[in-house]
Amino acid sequence: MKKLLLLITLWAPILIMAQSENNKITEQFLQSFADAFNAHDTKAIMMHMTEDCIFEASAGAEKNGEKFIGQEAVSKAFEAVFATFPDAHWAHARHFISGNRGFSEWTFTGTKSDGSKVEVTGCDLFTFKNGKIAVKNSYRKNRLIGAMK
């Protein structure tokens, strides 16, 4: 029963958006996106994103972080996050929308395989297209090594 409730929570907003005539993004849609991340459900995450989606990570060699383009590359990037942080969790999500742009604030926690812990605040800046997320540009605070006790 609990699993069924989780599936309904994750998929209902996606199905509602798919049938919406104006494809207007709602806070509920962004919350279902966050819920899919917390469930580590890459398929549900990608249902929220356009085919030509872009994910700009908060880290990477480029000044804007590493950029992933298209469903396959973006999906693999998210799977890598879950592999690096098997207990990855985004808490205290708050969502804001203005036209075809929006953002979500959150607190990320996770533990790497070496036991090191991460707890930082961050946000995602979104660009929407046709009722889905076209661009997810992520930012997060950095904490000095050893700051976590």
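Just checking, how many residues over the range 51-72 are touching a strand residue (DSSP E or B) at 6+ places or on another chain (Cβ under 8 Å), surrounded by fewer than 19 Cβ atoms within 10 Å (Cβ to Cβ) and not basic (Lys, Arg)?
Filtering the range 51-72 for residues touching a strand residue (DSSP E or B) at 6+ places or on another chain (Cβ under 8 Å) gives 52-58, 60, 64-71.
Within this subset, residues satisfying the condition of being surrounded by fewer than 19 Cβ atoms within 10 Å (Cβ to Cβ) are 52, 54, 58, 60, 64-67, 69-71.
If we keep only those that are not basic (Lys, Arg) too, we end up with 52, 54, 58, 60, 64-66, 69-71.
Selection size over the range 51-72: 10.
Report, by residue number, each residue of the range 122-146 that is β-branched (Val, Ile, Thr) and exposed (fewer than 13 other Cβ atoms within 10 Å of the Cβ). Please lay out each step first, then the result.
Our first condition is that a residue be β-branched (Val, Ile, Thr); within the range 122-146, this holds for 127, 133, 135, 145.
Answer for the range 122-146, where residues must be β-branched (Val, Ile, Thr) and exposed (fewer than 13 other Cβ atoms within 10 Å of the Cβ): just ILE145.
Would you check which residues across the range 79-90 are free of Cβ contacts under 8 Å to residues at least 40 places away in the same chain and either more than 14 Å from THR111 (Cα to Cα) or among the hydrophobic types (A, V, I, L, M, F, W, C) (or both) and list them?
Restricting attention to the range 79-90, the residues satisfying the condition of being free of Cβ contacts under 8 Å to residues at least 40 places away in the same chain are 79-81, 83-87.
Listed by number, the residues that qualify are GLU79, ALA80, VAL81, ALA83, PHE85.
Going by the conditions given, is PHE37 closer than 14 Å to ASN137 by Cβ and among the aromatic types (Phe, Trp, Tyr)?
On the way: closer than 14 Å to ASN137 by Cβ: no; among the aromatic types (Phe, Trp, Tyr): yes.
No: the conditions fail for PHE37.
Do we have GLU119 as within 15 Å of the chain's Cα centre (by Cα) and without any contact (Cβ under 8 Å) to a residue 60 or more places away in the chain here?
It is false that GLU119 is within 15 Å of the chain's Cα centre (by Cα) and without any contact (Cβ under 8 Å) to a residue 60 or more places away in the chain.
Within the range 75-121, can you find the residues that are surrounded by fewer than 13 Cβ atoms within 10 Å (Cβ to Cβ) and either small (Gly, Ala, Ser) or on the phi > 0 side of the Ramachandran plot (or both)?
ALA80, ALA83, ALA91, HIS92, SER98, GLY99, SER113, GLY115, SER116
Every number in this text was worked out from the coordinates using simple rules, so none of it is lab data. On a predicted model such as this, the values are computed, not experimentally measured, just so you know. Quick reminder, even Gly has a Cβ in these numbers, built from the backbone with ideal geometry, and neighbours come from all protein chains shown.
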